[in-house]
Amino acid sequence: MALERTLAILKPDCIRKEKVGEVLRRIQDAGFQIRAMKMITMSKAEAEGFYAVHEDKPFFDDLTDFMSGGPCVPVVLEKEDAIADFRALIGATDPDEAAEGTIRSDFAGSIQENIVHGSDSPSNGQKETGYFFPEHEIVANTANT
Ligand code: ATP
Ligand code: MG
């Protein structure tokens, strides 16, 4: 077990559906510590930079339109095994394939509008965290937070 950081983004559909509170409740109930959080609206270029790994995919233009089409909430989360545990909590990309009781199964409307992002490796967790938050905006891990 290793203490890891993952970068979550509550996507624009989550904000539109007013599910921010419910999704954060589930995240906290699952034992994740919130270390940083803000609400922003990404520019098209910021969304393209964030999802650059998908730039050759057919859904890239739609995805970056969606992600820059309204406010979203990037959140830095910390927990033992945060990467794997967070992806288990949110479920598969396609809500029709997501396990019952996962966030995407319960709230997502489509494979694109799937409520929440989660980093897919510890190194991407660090890299994606840095995309939105300088280190001084991330609160320290203390015993009572
Ligand atoms: P995320 O990276 O957002 O946590 P993920 O790792 O489950 O999601 P990826 O394969 O990295 O899935 O795809 C990134 C995002 O692109 C998905 O969350 C979804 O919003 C969108 N996406 C993925 N596949 C498709 C598709 N076939 N059609 C439309 N949108 C898609
Ligand atoms: Mg991904």
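Rg then Dmax, both in Å and based on the Cα atoms of the chain: 14.3, 45. For residue 4, the shell of other residues with beta-carbons less than 11 Å away shows a net charge of -2, using +1 for Lys and Arg and -1 for Asp and Glu. The helix-based estimate of mean residue ellipticity at 222 nm for the chain, built from -39,500 (n - 2.57) per DSSP H run of four or more residues and divided by its residue count, is -10000 deg cm²/dmol to the nearest 500. Excluding residues fewer than 8 places away in the same chain, name every one of the lysines whose C-alpha is closer than 18 Å to that of residue 79. The reachable lysines, counting only those whose Cα sits under 18 Å from residue 79, are 127.
Here the contact order of the range 27-121, divided by its residue count and restricted to Cα pairs under 8 Å and six or more residues apart, works out to 26 percent. Evaluated at q = 0.20, 0.21, 0.26, 0.28 Å⁻¹, the base-10 log of the normalised Debye intensity for the range 1-50, with identical point scatterers placed on the Cα atoms, takes the values -0.85, -0.91, -1.15, -1.21. Placing pseudo-labels 7 Å out from each Cα toward the beta carbon at residue 60 and residue 25 gives an inter-label distance of 3.9 nm. Under the simplified labelling scheme, the residue 3-residue 112 pair shows an inter-label distance of 4.0 nm, with each label point 7 Å from Cα along Cα→Cβ. Each label was represented as a point 7 Å from its Cα along the Cα-to-Cβ direction; for residue 53 and residue 121 these points are 0.7 nm apart.
Placing unit charges on the Cβ atoms only, positive for Lys and Arg and negative for Asp and Glu, gives the chain a dipole magnitude near 480 debye about its Cα centre.
On a per residue basis, the range 3-137 carries 49 Å² of accessible surface, using protein heavy atoms and a 1.4 Å probe. The loop-placed GluC sites (Glu not before Pro) in the range 1-36, going by DSSP, that have at most 12 neighbouring Cβ atoms within 10 Å of their Cβ come out as 18.
The values are calculated or read from the model by the stated rules, or taken from the named source; none is laboratory data. The structure displayed is predicted, hence computed values, not measured ones. A quick note on method: Cβ atoms are made from the backbone with ideal geometry, for glycine too, and the neighbour counts reach across all protein chains shown. The accessibility values were calculated without ligands, DNA or RNA, using every heavy atom of the protein model including side chains. Shrake-Rupley method; radii C 1.70, N 1.55, O 1.52, S 1.80 Å.
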